[in-house]
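What follows is a short report on a single structure.
The values are calculated or read from the model by the stated rules, or taken from the named source; none is laboratory data. All of these numbers come straight from a predicted model, not from anything done at the bench. Virtual Cβ from ideal backbone geometry, glycine too; neighbours counted across all protein chains shown. Each accessible area value is taken on the protein alone, full model and side chains, heavy atoms only, with ligands, DNA and RNA left out. Shrake-Rupley method; radii C 1.70, N 1.55, O 1.52, S 1.80 Å.
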Amino acid sequence: DVAGIDIVKSARDTYTGGGVTDIARSVITLTSLGVDASNVYSGTESIYLDFIEKLGGSAPSQVMEATFGLLAFDSGEYNDEGLTLTRESCINFLLSKKLMPASGQAAWTITGGSPDADATAMAVAALAPYYSSNGDVKTAIDGALKYLSEKQNSFGHYGNSNSTSM
């Protein structure tokens, strides 16, 4: 399929010039196409790219890096052993960046100090697989759901289609 080929070519470009979040998004996209992101043909004979190793090269420094990193690792059951950015480092980073906008609530922000629905919903999606096995994650998600519920308008929306879809 031509679209799949174009997506893989775009991912290869991201591999050489993209940041952590870009690499993570490429991992998610490649995996959804059935491509093992730890072994992607580079376009040059006998050279393969390991997007997982590239993703795991540095610790998360932003909420979106940790969110997308966690989603990427879990998109294909990828091994994060020996990497700097790991499932555990992403979870710990997200928990450390959790905001408490009101009693019993938890939220995240992409930038600045004010929580937002987009970052919070994405963090919940990334943390969800760990809800039953990690008490701190459970508490954070429960608080985030309270925050999101409080921020919804009477029609169930958050003000724009992107935020509502998150």
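Data for the structure
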item: Which listed residue, of 47, 5, is open to solvent by 30 Å² or more (accessible area, probe 1.4 Å) and touching a strand residue (DSSP E or B) at 6+ places or on another chain (Cβ under 9 Å); result: 47
item: Residues located in segment 19-32, provided they are over 14 Å from residue 53 (Cβ atoms), of a type in the set (Gly, Ala, Ser) and open to solvent by less than 50 Å² (accessible area, probe 1.4 Å); result: 19
item: Subset of segment 149-166 (residues that are part of a helix (DSSP H, G or I) and either at pLDDT 95 or above or open to solvent by 40 Å² or more (accessible area, probe 1.4 Å) (or both)); result: 149, 150, 151, 161, 162, 164, 165
item: Given (1) touching a residue at least 24 places away in the same chain (Cβ under 8 Å); (2) touching a helix residue (DSSP H, G or I) at 6+ places or on another chain (Cβ under 7 Å), number of the condition residue 62 does not satisfy; result: (2)
item: Sole residue being in contact with a helix residue (DSSP H, G or I) (Cβ under 8 Å, 6 or more places away or on another chain) and of a type in the set (S, T, N, Q), chosen from 96, 132, 149; result: 132
item: Extreme residue, modelled with the lowest pLDDT, among residues of segment 1-37 that are assigned to a loop (DSSP other than H, G, I, E, B) and over 23 Å from residue 61 (Cβ atoms); result: 1
item: Failed condition for residue 85, given (1) surrounded by fewer than 17 Cβ atoms within 10 Å (Cβ to Cβ); (2) touching a residue at least 24 places away in the same chain (Cβ under 8 Å); result: (1)
item: Meets criteria (assigned to a loop (DSSP other than H, G, I, E, B) and touching a residue at least 24 places away in the same chain (Cβ under 8 Å)) for residue 71; result: no
item: Hey, residue 13 among the charged types (D, E, K, R), without any contact (Cβ under 8 Å) to a residue 24 or more places away in the chain and either open to solvent by 60 Å² or more (accessible area, probe 1.4 Å) or within 26 Å of residue 123 (Cβ to Cβ) (or both) or not; result: yes
item: Enumeration of residues in segment 104-144 that are open to solvent by 80 Å² or more (accessible area, probe 1.4 Å), modelled with pLDDT of 95 or more and over 23 Å from residue 75 (Cα atoms); result: 139
item: Residue match in segment 90-105 (condition: out of contact with any strand residue (DSSP E or B) (no Cβ under 9 Å at 6 or more places or on another chain), in contact (Cβ under 8 Å) with a residue 60 or more places away in the chain, hydrophobic (A, V, I, L, M, F, W, C) and in a loop (DSSP other than H, G, I, E, B)); result: no
item: Criterion violated by residue 59 - all others in (1) in a loop (DSSP other than H, G, I, E, B); (2) open to solvent by 60 Å² or more (accessible area, probe 1.4 Å); (3) closer than 23 Å to residue 130 by Cα satisfied; result: (2)
